[in-house]
Every structure is written in structure tokens, then in C-alpha cells.
Amino acid sequence: MTSQKALVFVTGNANKLREVKEILSSGGHPIEVESQSLEIPEIQGTTVEVAAAKCRKAAELVGGPCITEDTALGFVALKGLPGPYIKHFMTEIGHDGLNAMLVGFPTKAAEAICTFAYSAGPGTEPIIFEGRTPGTIVSARGPKVFGWDAVFQPDGYDMTYAEMPSDEKNKISHRGKALEKLRTYLQSLP
């Protein structure tokens, strides 16, 4: 991507920044990303609505091209909830509480969803890139340092996200899938 300004990823989360840099800098034509931590109020709504609104505001504050990200974790038994509110659930009830929410339900199936929004700058409508990974909510395993990774076991694996080496997780994760779409788009720009 050739532009006057570097692409800014608006986040204060060091773990997300590390994953984004790992994924966007890999392969041919690496994309350089810098980060800014900005306080942007999040609207209530779907992951796409939340991501687009956040990106519009971020582009105004940054004054140039930027990306924002919204992560959701939806439980099949709860028809997609907690969804985009997972951060608040983690803060209030933690890993054990997420498991307790599913006691008595016939399924612990879940879907990890990552929605990136890209804006070319102030006044431009964000473009959405979404990645989804189906899985199951399990008792926490692995380091409990990155959100709900310790309780999410992707389908077809016997490890939680937290137990996986980062390169393996990045290949199959909701964030990795969304970033691959974003990278393809950015590399197509003149």
C-alpha cells in the first residue's frame, strides 16, 4: 500500500496489535501498521454496525487511513449472545462465568467473529472484512492472558486458542481470516 500516511490500527490492546502485525507483515508485500490508542465510544448493535461506527470516528480522529477491529463470541445456545458484548462479560464473570452461562443447555457450540473495518480517511464509508471460526466453549486451558482464548476450542482441534502456537492460531482464527481478506484488499490498492 503506497500512501502518504501509514495505516493506523486504532487499538490499545497489545495482544491484538501483535497478532495484526504478525499477520499483515507476513508473505509478499508486507503491510506496515502503526497503532494509536483512542477512546472511541462503542454503539450498541451488530458486529458490523459497531465496527463501521468505530472506524468512521477513528478516521476523523486520526485524519487518515485507519483500521479498527471488533471481536465477538457468540454462543449457539444463546442465539449469538454475548456477541459483541463479550469484552464486558469477560470483565464481569471471567472464564468460569462464560462456562456457567451454558450449564443446562444442550450445546456449548460457539462462533468466534472478528470484524475489521478500513477507512481511507475522514468522510469515507468503512469497508468491512469479517472472519468466523466455529468452535466449542470448554473449561479454561492454557495461558489466561488474551481475552477468552483459554475457553474457545476451534472445531477440529484438541487445543484452545490459548494453547496454540501463535502461527498456528493465526492461520485458523477469526482474526486471521478477517485480516487475510483485509490484506488482499489493501494489496489491491494502487
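Number of residues in the range 62-79 that are modelled with pLDDT of 95 or more and open to solvent by 30 Å² or more (accessible area, probe 1.4 Å) equals 3.
Selection over the range 27-47 of residues that are closer than 14 Å to residue 186 by Cα and open to solvent by 50 Å² or more (accessible area, probe 1.4 Å) gives a count of 5. Looking only at the range 96-124, which residues are more than 18 Å from residue 161 (Cα to Cα), open to solvent by 30 Å² or more (accessible area, probe 1.4 Å), in contact (Cβ under 8 Å) with a residue 24 or more places away in the chain and not small (Gly, Ala, Ser)? Across the range 96-124, the qualifying residues are 101, 105, 106, 107, 122, 124. Restricting attention to the range 48-61, the residues that are of a type outside the set (Val, Ile, Thr), buried (at least 17 other Cβ atoms within 10 Å of the Cβ) and under 18 Å from residue 175 (Cα atoms) add up to 4.
Look at the range 48-67: where a residue is within 12 Å of residue 36 (Cβ to Cβ) and a partner is part of a helix (DSSP H, G or I) and open to solvent by less than 10 Å² (accessible area, probe 1.4 Å), sitting 6+ places away or on another chain with Cβ atoms under 6 Å, you get 66/58; 66/59.
Yes/no per residue for (1) within 18 Å of the chain's Cα centre (by Cα); (2) assigned to a loop (DSSP other than H, G, I, E, B):
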| residue | (1), (2) |
| --- | --- |
| 130 | yes, no |
| 133 | yes, no |
| 139 | no, yes |
| 145 | yes, yes |
| 162 | yes, no |
| 182 | yes, no |
| 187 | no, no |
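The values are calculated or read from the model by the stated rules, or taken from the named source; none is laboratory data. Just so it is clear, the model here is predicted, and its values are computed rather than measured. Reconstructed Cβ throughout: ideal geometry from the backbone, glycine too, with neighbour counts over all protein chains shown. Areas reflect the complete protein model, heavy atoms only, side chains present, ligands, DNA and RNA absent. Shrake-Rupley method; radii C 1.70, N 1.55, O 1.52, S 1.80 Å.
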